[in-house]
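Novice: Dropping a structure here in structure tokens format, bear with me for questions.
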Amino acid sequence: MTTGPASDHGISDGPGSETVAVITIVSGRHRHLRRQLEAFEYSTVRPAVHVIVAMNDPGVDTVVTESAPPGHPMRVVHIGDEPSTLPLAHARNTGARTAIEAGATLLVFLDVDCIPGPVMIERYLRSCAATPELRLLYCGPVTYLPHDQPTFDPRELHRFLDPHPARPAPGPCQTQLSSAMTLFWSLSFAVHVSDWLEIGGFHTGYRGYGGEDTDFAMCAARNGFRIAWVGAADAYHQYHPVSNPPVEHLEDILRNARTFHRRWGSWPMEGWLDGFAQMGLIRYDDTADDWRRTATEALPG
């Protein structure tokens with residue numbers, strides 16, 4: 001496998017060679033996007049192309065122009081929709097289609113809040129090369145940085161490594177296989193193009209926040225896929241305010257939970273739904289097997 005400075009554009013040598021595309025979807029979060037792009041200057045493997053899908057965000061072009069390192073090939077795609085409801089699934093599918101048209105064979109999805117570790121792409125490539133016959137979604141550990149994070153220099157972030165405890169975090173040269181598909185998340189993952197096409201991408205019936213990750217994982221499981229947790233494919237999630245449960249996304253979560261229930265016969269995001277119920281915002285209707293908004297309660301704030 002070829003690794004090294006900016007001249008190595010995500011193409012490994014030998015029979016397992018891959019052309020890597022990174023896909024990031026964004027609406028706002030320009031500071032986070034800048035830090036992500038700047039970090040690729042220190043990546044041991046550069047992607048052949050980095051596709052940015054901007055959702056109702058014309059300012060992304062300026063961020064990319066100012067922040068992308070030299071020799072970091074970029075493509076920016078703009079999509080529009082209802083500003084209040086982000087088309088996350090559609091945006092990821094658009095990014096994948098653009099990357100495939102550019103010749104990618106391995107798709108690496110990276111959330112806009114995430115800063116890639118220097119060996120993230122290299123570790124995804126090495127894990128893929130070691131498991132050529134298996135049907136896998138490759139996921140890397142994600143460390144959540146605090147709001148008072150002292151540095152965002154990607155060469156220094158390893159000092160703050162603390163992977164999310166709810167997900168496996170194998171050793172630096174290890175890959176751990178798992179059938180626990182509900183642990184999948186789209187913050188950082190890689191998938192072969194052929195496998196992406198077989199799974200069918202993200203279901204565009206989900207609009208806004210919640211549900212589409214678990215649905216994608218269920219589709220993958222139905223087709224015989226497992227998760228490969230890739231040690232040292234680290235990403236660092238930049239802080240942003242969030243509530244728990246995320247009441248600002250209640251309408252999206254409730255709508256998407258119903259979509260998931262219709263498709264799979266079970267309720268996703270149960271912790272959030274239960275949290276909303278405890279706050280008096282929704283209630284479970286046993287007769288209808290449905291979660292409903294309460295008539296007398298309004299969202300906090």
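Novice: Listed residues Pro5, Pro15; which is under 22 Å from Leu157 (Cβ atoms), modelled with pLDDT under 95 and either out of contact with any helix residue (DSSP H, G or I) (no Cβ under 6 Å at 6 or more places or on another chain) or outside any helix (DSSP H, G or I) (or both)? I'd like the intermediate steps shown before the answer.
Specialist: Numbers: Pro15 fails: under 22 Å from Leu157 (Cβ atoms).
Just a single option satisfies the conditions, and that option is Pro5.
Novice: Ok, one more. Would you mind finding the one in Phe216, Phe202, Phe184 that is assigned by TED's automatic domain parsing to the domain that holds Ile100, in contact with a Lys or Arg (Cβ under 6 Å, 6 or more places away or on another chain) and closer than 30 Å to Asp285 by Cβ? Let's see the steps before the verdict.
Specialist: On the way: Phe216 fails: in contact with a Lys or Arg (Cβ under 6 Å, 6 or more places away or on another chain); Phe184 fails: in contact with a Lys or Arg (Cβ under 6 Å, 6 or more places away or on another chain).
None of the other options fit; the residue is Phe202.
Novice: Condition test on Gly140, is it in contact with a His (Cβ under 9 Å, 6 or more places away or on another chain), buried (at least 19 other Cβ atoms within 10 Å of the Cβ) and modelled with pLDDT of 95 or more?
Specialist: no
Residues checked against (1) out of contact with any Pro (no Cβ under 9 Å at 6 or more places or on another chain); (2) β-branched (Val, Ile, Thr):
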site: Pro87; (1), (2): yes, no
site: Ile100; (1), (2): yes, yes
site: Leu107; (1), (2): yes, no
site: Val112; (1), (2): yes, yes
site: Val119; (1), (2): no, yes
site: Leu134; (1), (2): yes, no
site: Leu137; (1), (2): yes, no
site: His147; (1), (2): no, no
site: Leu161; (1), (2): no, no
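Novice: Hey, can you tell me all the residues within segment 163-175 that are exposed (fewer than 13 other Cβ atoms within 10 Å of the Cβ) and touching a residue at least 12 places away in the same chain (Cβ under 8 Å)?
Specialist: First pass over segment 163-175, keeping only residues exposed (fewer than 13 other Cβ atoms within 10 Å of the Cβ): 165-166, 171-173.
Ala166, Gly171, Pro172, Cys173 - these are the residues of segment 163-175 that are exposed (fewer than 13 other Cβ atoms within 10 Å of the Cβ) and touching a residue at least 12 places away in the same chain (Cβ under 8 Å).
Novice: Does Leu157 satisfy the condition of being more than 19 Å from the chain's Cα centre (by Cα) and either at pLDDT below 95 or buried (at least 20 other Cβ atoms within 10 Å of the Cβ) (or both)? Show your work before the answer.
Specialist: Details: more than 19 Å from the chain's Cα centre (by Cα): yes; either at pLDDT below 95 or buried (at least 20 other Cβ atoms within 10 Å of the Cβ) (or both): yes.
So Leu157 fits the description; yes.
Novice: Got a number for residues in segment 138-166 being β-branched (Val, Ile, Thr) and in contact with a strand residue (DSSP E or B) (Cβ under 7 Å, 6 or more places away or on another chain)?
Specialist: Let us first name the residues in segment 138-166 that are β-branched (Val, Ile, Thr), namely 142-143, 151.
Subsequent filtering for residues that are in contact with a strand residue (DSSP E or B) (Cβ under 7 Å, 6 or more places away or on another chain) retains 142-143.
Total meeting the criteria: 2.
Novice: Confirm whether Ser178 is free of Cβ contacts under 8 Å to residues at least 12 places away in the same chain and of a type outside the set (D, E, K, R). Explain how you work it out, then say what you get.
Specialist: Details: free of Cβ contacts under 8 Å to residues at least 12 places away in the same chain: no; of a type outside the set (D, E, K, R): yes.
No: the conditions fail for Ser178.
Novice: Please tell me if Leu110 is within 14 Å of the chain's Cα centre (by Cα) and either surrounded by 14 or more Cβ atoms within 10 Å (Cβ to Cβ) or free of Cβ contacts under 8 Å to residues at least 12 places away in the same chain (or both).
Specialist: Yes, satisfied.
Novice: Please report, ordered by residue number, the strands (runs of 3 or more DSSP E) entirely within segment 58-137 with at least 2 residues that are at pLDDT 95 or above and within 22 Å of Asn223 (Cβ to Cβ). Show your work before the answer.
Specialist: Values: elements: 74-79, 106-110, 114-116.
Of the strands (runs of 3 or more DSSP E) lying wholly inside segment 58-137, those with at least 2 residues that are at pLDDT 95 or above and within 22 Å of Asn223 (Cβ to Cβ) span 106-110.
The values are calculated or read from the model by the stated rules, or taken from the named source; none is laboratory data. Bear in mind that the values here come from a model prediction, so they are computed numbers and not experimental data. Please note: Cβ atoms are built from the backbone with ideal geometry, for glycine as well, and neighbour counts cover all protein chains shown.
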